[in-house]
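Inspection log for the structure reproduced underneath, given as structure tokens.
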Amino acid sequence: MLYDYLRRGVQAGVIAGLAYGLFMAFVANPLSEYLHHAQHDHGHDHGHGHDHAHAVSETTTAIVSVGSGVLWAIFLGGVFAIALYFLEPALPGRGTGSAFVLAGAGFLTVSATPWLVLPPAAPGAEQLYTVELRLAIYVGLVALGALVSAAAIGSYGWVASRHRALGIVAATVPIVATAVVLSTVAPTIVSHPELAGELVSAYQAMAALSQAAIWGILAASVSWLERRETTSTAGVVGPNDRRSTSP
Amino acid sequence: MSEETVTDRIDAARAVLTPIQAATGLTFAAGIAFVLVFLQDPLAHDAMHNFRHAAGITCH
């Protein structure tokens, strides 16, 4: 049963990866290259001390970035499916509902919570901290994101047993509290001295929406694959029917 | 089905996975995460540059 979940997760990852790979190829790659050039042409000097002669060609960057995007989605799909296997009994909702709850928790953990301190940076950003420190902060924030997700799901379960709508309100409390506290407490550690604010916002929105889309596609695909498998085996009652053999 | 708990799922996983298999899977996942998110080698960094920016992964 664990293997069925993992297989569906990787399949869903391939579906999301195709979408995200196309997005990388036709939107994110050209836009990132453009922003990179726009700032270099201004006689831009990278303030952070590694005005590198690029180690690889632009074509390599474009191809590897698309490949990384596909691999990223497959990786998230695998992690998502394993987490779904273990946590499904504790998640609110049935089937598709619980998959989307977990996908939301995944987005909150992997992306949204870390972004409150380390927002997505457009090419050419000036960073206040070293990369080692930022990666350490990132790991800490992923752990915090997981705690916040657990708190949101926990408070939903606690309140929703009495009143369903109040449960949804209760679930947003830990999320909103974290967002408010972190965004007021955290210092601004990334700046874009040579880019218009609107452009930076658009780039960040692109990053946020595309990551959220990956999670949405993963949840939808995993549920779709599961439904398809249960209907295709529905006529065969016996050892092939996963539900009759599951412990 | 509805009475299933997280503990049941863990027990079921224990029944089908050896510790070696579980460790292999975790190592594999950690390897992918390390390469995509943490690896700062200039070659890897520059090659994945657009992806890391667009996915909001901290780099440089």
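The values are calculated or read from the model by the stated rules, or taken from the named source; none is laboratory data. Predicted model only: the values in this text are computed from it and were never measured. In this analysis, Cβ positions are derived from the backbone assuming ideal geometry, glycine residues included, and neighbour counts consider all displayed protein chains.
A few remarks follow.
- Meets criteria (in a helix (DSSP H, G or I) and either at the interface with another protein chain (Cβ under 7 Å from one of its Cβ atoms) or surrounded by fewer than 15 Cβ atoms within 10 Å (Cβ to Cβ) (or both)) for B:Ala15: yes
- So A:Val159, is it away from chain B (no Cβ under 14 Å), aliphatic (A, V, I, L, M) and within 17 Å of A:Leu91 (Cα to Cα): yes
- Single residue of A:Leu141, A:Leu135 found to be surrounded by 14 or more Cβ atoms within 10 Å (Cβ to Cβ), under 16 Å from the mean Cα position of the chain (by Cα) and more than 18 Å from A:Pro92 (Cα to Cα): A:Leu141
- The lone criterion from (1) more than 7 Å from chain B (Cβ to nearest Cβ); (2) modelled with pLDDT of 95 or more left unmet by A:Gly97 is number (2).
- Considering each residue of segment A:5-23 in turn, none proves to be without any contact (Cβ under 8 Å) to a residue 40 or more places away in the chain, closer than 17 Å to A:Ala125 by Cα and more than 10 Å from chain B (Cβ to nearest Cβ).
- The residues of segment A:92-132 that are closer than 29 Å to A:Leu199 by Cβ, surrounded by fewer than 21 Cβ atoms within 10 Å (Cβ to Cβ) and without any contact (Cβ under 8 Å) to a residue 40 or more places away in the chain, listed by number, are A:Thr130, A:Val131, A:Glu132.
- Filter result for A:Tyr3 (in a helix (DSSP H, G or I), of a type in the set (Phe, Trp, Tyr) and either at positive phi or modelled with pLDDT under 95 (or both)): yes
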